[in-house]
Amino acid sequence: MIFLKCGIVVARGSRCCTSHLCEDGLAIKLFDHIRVSKPDRWKIDSDEFQIFVEDIRIILFKQKKFDFDDPSCFSDEGYQAIVGLRKEQFNHLVNTVSSMRNSHVRSVRVAVAVFLAKLRLGLSNRVLAVLFNLENKRVVSHINNQVRKALMKDFVPYHLGLKHITRQTAIEEHQTAIATILHTNKPDQLCVIADTTYLFIQKSTNNQIQRKSYSMHKHRNLVKPMILTTTDGYILCSLGTFFSDYKNNDASILKHCLYTNEQDIIHWLHKDDILIVDRGFR
């Protein structure tokens, strides 16, 4: 692999620090740090050459279609097309899910890539299993469930929800000047925009859920989360989800969130804060 990536032949008997090894070879992430200081000239006999060619054949045979274990396999455009993130953002997300570990089935990088590709492309688990060289669709389903739990533990609490940001930070860093001028008359008033959005779902075989999730407005099955944002578009939290039948219009959903004190919203918002809504809240 080092020869294929860097054009360097590692002689038999060469040694390496254990911290730089991964499974049966040098960690792929270290390949970018290898620098060729002079032309590599080497001599091998026929037996060594035969072994060398056989090793290359095995490596090429095992080459995956989507090899996210190799950070250099895709460009930034490739990462964005498949997982919806730039390479740097993807690497940061992988480092965030500290509760996940590599397994004999997949690495953490591959697991996160499978999950994001599912969200980004909407492909079936069977297709994802083929693309990521996984055994079957059940493995993909298990991986997605593991990543979802890891993200809920290691990522979501620090980037979404009213507990991840203070009210004062929202005012100082995410409230636009025009919103402050138009809507506030006190220095510490916060402007929050509330609205529901749609998450389309498949038809349910359960008749009760099918009726509750069918939207007469969109003529599709969907559920609705309530999204709170600041005036510059920064997402504070997502409340819900809620069914889309006639009992769950925007006003009743917000009223339910306030009555049940979802995410401690009653204490997070202060008296005289401004809540900006559309006519769907009438």
Label-to-label distance, nm, for residues given as Lys163 and Arg148 (7 Å Cα→Cβ offset): 2.1
Around Ser99: net Lys/Arg minus Asp/Glu count, Cβ-Cβ under 14 Å: +3
Greater than 24 Å apart at Cα, pairs in Lys224/Lys247; Lys212/Lys255; Lys203/Lys224; Lys137/Lys224; Lys149/Lys247; Lys118/Lys224: Lys137/Lys224; Lys149/Lys247
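Quick check: net charge around Met226, other residues with Cβ under 9 Å of its Cβ, Lys/Arg +1 and Asp/Glu -1?
That works out to -2.
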For the range 180-188, 3J(HN,Hα) per residue [Karplus equation, 6.51 cos²θ - 1.76 cosθ + 1.60, θ = phi - 60°, Hz, x = Gly/Pro]: 5, 5, 7, 10, 10, 10, 10, x, 10
Placed amide H near Cys191: partners under 5 Å, 5+ positions off or other chain: Ile274
J(HN,Hα) series, the range 120-136, from Karplus relation 6.51 cos²θ - 1.76 cosθ + 1.60, nearest Hz, glycine and proline x: 6, 9, x, 6, 5, 4, 5, 5, 4, 4, 5, 5, 9, 6, 9, 5, 7
Loop-located trypsin sites (Lys or Arg not before Pro) in the range 154-219, at most 11 other Cβ atoms within 10 Å (DSSP): Lys203, Lys218
Placed amide H near Arg220: partners under 5 Å, 5+ positions off or other chain: Ser215
Label-point separation in nm, Arg282 to Ser98, each point 7 Å along Cα→Cβ: 5.2
Nonlocal amide H pairs with Ile227, under 5 Å, H built at 1.01 Å: Asp195, Thr196, Thr197, Leu239
Ranked by how many other beta carbons lie within 10 Å on average, peptides 66-74, 178-186 from highest: 66-74, 178-186
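Bear in mind these aren't lab numbers, they're just calculated from the coordinates by the rules spelled out. Please read all numbers here as calculations on a predicted model, not as lab measurements. Note that we place each Cβ from the backbone using ideal geometry, even for glycine, and neighbour counts take in every protein chain shown.
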